[in-house]
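Asker: Got a structure here, written out as structure tokens. Questions coming.
The values are calculated or read from the model by the stated rules, or taken from the named source; none is laboratory data. In this text the structure is predicted, and so the values were computed from the model without any measurement. Here the Cβ positions follow ideal geometry from the backbone for every residue, glycine too, while neighbour counts run over all protein chains shown. Side chains included, ligands, DNA and RNA excluded: accessible areas come from the protein's heavy atoms. Shrake-Rupley method; radii C 1.70, N 1.55, O 1.52, S 1.80 Å.
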Amino acid sequence: MENSKTIALILAVVMMLSAAAVMTACGNKAEEQPADEPEQQEELVEEPEDGPELSEDQMDDLYDQAARKVLEVQYADYMPDDVFGHAEAFSIERDGDKGVWDVYLGTGEYVVLDGKAYEVSGAYGEAILTFDYTAEGPKLTDVTWSADGGGHDKWIEDNFTEEAVEAWKTFLEDEKNTEFIKEVVEKKAEEKLGVPVETENLLEIDKDAGTYEIVKTIESGDPEDDTYTFDTETIKEGKLEDLK
């Protein structure tokens, strides 16, 4: 009888230990399972107080506005005629809806004659562009050219920001930088007018006389040994009225 009680007691203890082990295992599994991850929330990026910067297309449009500000479309009555611009911005300042850029600006007026685009006027140099930021894009208000002659560098020092002055000096160290501005203006003219830009022969127009000439330039010799010569040859001429 005592043996039966002992066996029953042992079985009870074993069952209790088994139950405890099962509960511990379940607890461990619960701890091992990762908690539900919180739902991913969309990251909110605050725009700067002065708003987003201009896109490349908006900058190109601003440069063309500058070209229209400083150049005239003079010969549209006789042939396709338009103006184009590009610039290197040395510093960009914004105060609310007002923008001020210190730049090296290049502008050109191009006309189309006999399947080629000719530059008939242009202006290149340091300038300050002022404009308004609007919902439709930048709206130019003024172009201020740098002073000429001996006062040029002092004008830059007095009117450009310190950042722009340093960037301007670096820009001028390589003449290819100014050449690149010219190349971009020409490329814009080609894309808009749909014809290649003529870079060898010149188109000279006398609006008062109502005539034009396509002139070939002839250069020879070397300026370093005083043998350089420059001459021109007219390869075509005509009346503006005949181009209408």
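Asker: For region 76-99, give me each residue that is more than 18 Å from LEU203 (Cα to Cα), aliphatic (A, V, I, L, M) and open to solvent by 50 Å² or more (accessible area, probe 1.4 Å).
Answerer: ILE92
Asker: Of all residues in region 113-155 being among the acidic types (Asp, Glu) and modelled with pLDDT under 95, which is nearest to ILE214 (Cα to Cα)?
Answerer: Selected residue: ASP148.
Asker: A further question on this structure: Test of understanding: among ILE205, ILE156, ILE214, which residue is of a type in the set (A, V, I, L, M, F, W, C), in contact with a helix residue (DSSP H, G or I) (Cβ under 9 Å, 6 or more places away or on another chain), assigned to a strand (DSSP E or B) and surrounded by 13 or more Cβ atoms within 10 Å (Cβ to Cβ)?
Answerer: Only one candidate passes the filter, namely ILE205.
Asker: Against the conditions (1) within 16 Å of ASP81 (Cα to Cα); (2) surrounded by 10 or more Cβ atoms within 10 Å (Cβ to Cβ), where does LYS244 fall short? Just the number, please.
Answerer: Evaluating LYS244 over (1) within 16 Å of ASP81 (Cα to Cα); (2) surrounded by 10 or more Cβ atoms within 10 Å (Cβ to Cβ) leaves (2) as the failure.
Asker: Which residues, taken from region 55-72, are open to solvent by less than 30 Å² (accessible area, probe 1.4 Å) and hydrophobic (A, V, I, L, M, F, W, C)?
Answerer: Across region 55-72, the qualifying residues are LEU62, ALA66, ALA67, LEU71.
Asker: Going by the conditions given, is LYS187 among the basic types (Lys, Arg), touching a residue at least 24 places away in the same chain (Cβ under 8 Å) and in a helix (DSSP H, G or I)?
Answerer: Judged against the criteria, LYS187 is not a match.
Asker: Could you tell me whether region 156-179 includes any residue that is acidic (Asp, Glu) and modelled with pLDDT under 95?
Answerer: Checked region 156-179: at least one residue is acidic (Asp, Glu) and modelled with pLDDT under 95.
Asker: Please tell me if ASN201 is farther than 30 Å from GLU93 by Cβ and either among the polar types (S, T, N, Q) or touching a Phe, Trp or Tyr at 6+ places or on another chain (Cβ under 7 Å) (or both).
Answerer: Here the answer is yes, as ASN201 does meet what is asked.
Asker: Separate question: Scan region 217-226 residue by residue and report those that are open to solvent by less than 90 Å² (accessible area, probe 1.4 Å) and assigned to a strand (DSSP E or B).
Answerer: The answer is THR217, ILE218, SER220.
Asker: Still on this structure, please answer the following. When you go through LYS192, LYS182 one by one, which is the residue that is modelled with pLDDT of 95 or more, in a helix (DSSP H, G or I) and either β-branched (Val, Ile, Thr) or open to solvent by 90 Å² or more (accessible area, probe 1.4 Å) (or both)?
Answerer: LYS192 is the lone residue from the list that is modelled with pLDDT of 95 or more, in a helix (DSSP H, G or I) and either β-branched (Val, Ile, Thr) or open to solvent by 90 Å² or more (accessible area, probe 1.4 Å) (or both).
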